[in-house]
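Colleague: Take this structure, written in structure tokens, and hold onto it; I'll ask about it next.
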Amino acid sequence: LNIAVMISGSGSNLQSLIDGCKDDINGNIKVVISDNKEAYGLTRARENKIKAVYEKDEKKIIEILKNENIDLIVLAGYLKIISEEFVNEFKDKIINIHPSLIPSFCGKGYYGKIVHQKVLEYGAKITGATVHFVDEMADNGPIIIQEAVYVEDTDTVDTLQKRVLHVEHKIIKKAVKLFCDKKVEIRGRRVLINE
Ligand code: GRF
């Protein structure tokens, strides 16, 4: 399948997918799109001979995705909320990785380090990461995979983020592999994995 990855930052999740596509993911990343021209993820794309595009205009982004015949869009640290038109244009073909166990610590304003800060402030004992389908609301679509991460008493935002990021890299790869192997089935709000 033709995959597009949308980023805003370092692209460590993108890197995980680049590695996965060289391994056992039946898909290839055709384009990486960032709304931030400084995003290191664009460099990662170029280093792997993947088309790297800096674009902020959603209409132009949709044009690019159509021209590349994209079958799956992965939002990997893409900080913008995409519009309902965008979601409907690629229904059930957009997935997102979020660094908490949705529906906790998610939604507007919950991204990157802020998520882990809120987890520590709240005193939660378990957090984790979630890969889900994107619908018109933030961090709200049907969940594909989740994995828990235990919060340690000594954790800081940085130590917790590091452990959650490690899990993100694992489950984003697994979710994309399952999607490309057509083993993911959406039943209403639930996602069945036909492993
Ligand atoms: C990750 O924590 C991701 O879950 C969140 O933003 C961060 C992006 O990291 N949405 P990277 O750009 O993939 O390294």
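Colleague: Quick one: 3J(HN,Hα) in Hz for the stretch 44-60, Karplus 6.51/-1.76/1.60 with θ = phi - 60°, rounded, Gly and Pro as x.
Modeller: 4, 4, 4, 5, 9, 6, 9, 4, 10, 10, 9, 8, 9, 7, 4, 4, 5
Colleague: Which GluC sites (Glu not before Pro) in the stretch 81-167 pass both tests, a DSSP loop state and at most 15 other beta-carbon atoms within 10 Å?
Modeller: Values: sites: Glu84, Glu85, Glu89, Glu121, Glu136, Glu147, Glu152; in loops: Glu136, Glu152.
Hits after loop and neighbour filter: Glu136, Glu152.
Colleague: Let me ask something else. Under a point-charge model restricted to the Cβ atoms of Lys and Arg (+1) and Asp and Glu (-1), what is the dipole moment magnitude of the chain relative to its Cα centre, in debye to the nearest 20?
Modeller: Working: 29 positive and 29 negative charges, 58 e Å.
Its charge dipole is roughly 280 debye.
Colleague: So, counting K/R as plus one and D/E as minus one, what does the shell of residues with Cβ under 14 Å around Glu89 add up to? Spell out each step's value before the answer.
Modeller: Details: positive: Lys59, Lys60, Lys66, Lys91, Lys93; negative: Glu58, Glu63, Glu68, Asp71, Glu84, Glu85, Asp92, Asp135, Glu136.
Summing Lys/Arg as +1 and Asp/Glu as -1 gives -4.
Colleague: Sticking with this one: Anyone know which of Lys182, Lys80, Lys173 comes out most mobile in the 10 Å Cα GNM of the chain?
Modeller: Lys182
Colleague: As a test of the formula, what do you get for the chain when each DSSP H run with n ≥ 4 contributes -39,500 (n - 2.57) and the sum is divided by the residue count, at 222 nm and rounded to the nearest 500 deg cm²/dmol?
Modeller: Details: 6 runs with 69 residues, N = 195.
Helix contribution divided over all residues of the chain: -11000 deg cm²/dmol.
Colleague: What's the extension gain from Lys113 to Lys162 if we count 0.36 nm per residue and subtract their Cα-Cα distance?
Modeller: Details: separation 49, 0.36 × 49 = 17.64 nm, distance 1.02 nm.
16.6 nm is the gain from fully extending Lys113 to Lys162.
Colleague: Could I ask something else about it? Just how large is the dipole of the stretch 27-129 about the Cα centre, in debye to the nearest 20, putting +1 at every Lys and Arg Cβ and -1 at every Asp and Glu Cβ? Don't skip to the answer; put the middle values down first.
Modeller: Working: 17 positive and 14 negative charges, 65 e Å.
With Lys and Arg at +1 and Asp and Glu at -1, about 320 debye.
Colleague: Oh, and also: Considering Cα pairs under 8 angstrom that are at least six residues apart, work out the relative contact order of the chain and quote it in whole percent.
Modeller: That works out to 20 percent.
Colleague: A follow-up question, please. Quick one: Debye curve from the C-alpha atoms of the stretch 37-195, no solvent, what's log10 I(q)/I(0) at q = 0.10 Å⁻¹?
Modeller: Debye output, listed in q order: -0.39.
Computed from the coordinates by the stated procedures, all read-outs in this text should not be read as laboratory data. Computed from a predicted model, the values in this text were never measured in an experiment. All Cβ positions, even for glycine, are placed from backbone atoms using ideal geometry, and neighbour counts span all protein chains on display.
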